[in-house]
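Just so it is clear, none of the values below were taken in a lab; they were calculated from the coordinates. Only a predicted model underlies this, so the values are computations on that prediction, with no experimental measurement involved. Here the Cβ positions follow ideal geometry from the backbone for every residue, glycine too, while neighbour counts run over all protein chains shown.
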């Protein structure tokens, strides 16, 4: 097709999205320079339908850890389609059993049993239901700026009222306390507390890693008070932070862990809640307390197994750690070069957040980066933070390309008047 024809197709797709899907999202993305219609996808790269190439540093908040259209995972799904469909969700399944066994093997400690779902919110919903059902207590402690999904129980655990206000009253029994604050958690515990639920790195909150002291302190508080500890590893799991799971950095094992996003290979939806054996007592007496028609489908489980095999066989988490260190060298230089613009960098592996001086900088950086061939977006709960989450197999020259784009983008903002212009 000619460039004019492709531009016309793109224009129509954007117009249809605004008319029939979400006009506000279309406006926000246009203002951020991200009014892109994705065409070809390969590894760390995405091409707009018109042919412009980008390095993807959004990756749907860590859904593309094994890359865009990883050929090995694509092949696994294609082969599965020759013989399988979703499978009967009420039936025993060899594929479900195989993936559950593999998850029990690779998750830390004695996490053993698995409940499958389709998305992260659903996984967190079941984690909360399990905590309440097992302990016979009602209250869940989560954190300010936390993000756990938009479904029923998960929405109540979110630490931002903006998401919840249209749906008040929320499910009762949820309290949010400041992140990385053990004393605040301790003060919030009551005899009705069922579980403490955190992200080992707050993603939407602005890329805030939990400290080792905090993680270990939470484990101690839970053990002392017969409370369950839930780790939401939906964004941090499967190599994102330089380990297969983020909690492995501290050696702290939760009672319940939720995973999703990259387990799917960004090809077939699947999520899971993994939990200790003793918690299965509740599920044994309430076997049908949580049903998901498409959760843990045969196709999804085959893809999940292929993803885990690819990550481990190719030592992808280790590569992510090395590329994160390479990024950090550039960030350290930027902190010295742009002290009036860039305040702080927070990072765990390839989960990276650049803290700017005010909320206007995030959207402006998104726009400038798009002009320089990088797709990136500011965090939902903290627009002053630019979040960078590239695919885990990003190569050294691609890291350098992103760093160069950041340099050019910050220089342009300073040229425009920096923070004073807004």
Task: Potential extension, residue 175-residue 42 segment - 0.36 nm per residue separation minus Cα distance - done: 43.7 nm
Open item on the list: Taking 30 Å as R0, compute the FRET efficiency from the Cβ-Cβ separation of residue 186 and residue 325 and round it to 0.05.
Closed with: 0.30
TODO: Note the angle between two axes, namely the Cα long axis of helix 396-415 and the longest principal axis of the Cα atoms of the chain, as a number of degrees from 0 to 90, rounded to the nearest 10.
DONE: 60 degrees
Open item on the list: I want to make sure I understand the PRE zone here: with the label point 7 angstrom from the Cα of residue 277 toward its beta carbon, which residues in segment 124-141 have backbone N atoms less than 20 Å away?
Closed with: 131, 134-135
Task: Extended-chain gain in nm, criterion 0.36 nm per residue less alpha-carbon gap, residue 165 and residue 14 - done: 51.4 nm
Task: Cα long-axis angle, helix 316-337 against the chain (0 to 90 degrees, to the nearest 10) - done: 50 degrees
TODO: Just order 262-275, 228-241, 98-111 by mean Cβ neighbour count inside 10 Å, highest at the front, would you?
DONE: 228-241, 262-275, 98-111
TODO: Calculate the spin-label point distance for residue 60 paired with residue 344, positioning each point 7 Å from the Cα along the beta-carbon direction, and give it in nanometres.
DONE: 3.1 nm
Task: Extended-chain gain in nm, criterion 0.36 nm per residue less alpha-carbon gap, residue 110 and residue 414 - done: 104.3 nm
Task: Cα long-axis angle, helix 212-225 against the chain (0 to 90 degrees, to the nearest 10) - done: 20 degrees
Open item on the list: Below 8 Å, C-alpha to C-alpha, sequence gap of six or more: please give me the relative contact order for segment 92-312 in percent.
Closed with: 27 percent
TODO: Residues in segment 269-289, backbone N under 19 Å from the label point at residue 85 (7 Å along the Cα-to-beta-carbon vector): list them, ranges by number please.
DONE: 269
Task: Per-pair calculated FRET efficiency, R0 = 56 Å: residue 287 and residue 371 via Cβ, rounded to 0.05 - done: 0.55
Open item on the list: Once you keep just the Cα pairs under 8 angstrom separated by 6 or more residues, what percentage relative contact order results for segment 200-246?
Closed with: 29 percent
Task: Packing-based order for 189-197, 80-88, using average beta carbon neighbours within 10 Å, highest first - done: 189-197, 80-88
Open item on the list: Given an 8 Å cut-off on Cα distances and at least 6 residues of separation, report the relative contact order of the chain as a percent.
Closed with: 22 percent
Task: Sum of -39500 (n - 2.57) over DSSP H runs of 4+, divided by residues of the chain (222 nm, nearest 500) - done: -13000 deg cm²/dmol
TODO: Which order do the peptides 351-364, 18-31 take when ranked by the mean count of other beta-carbon atoms within 10 Å per residue, highest first?
DONE: 351-364, 18-31
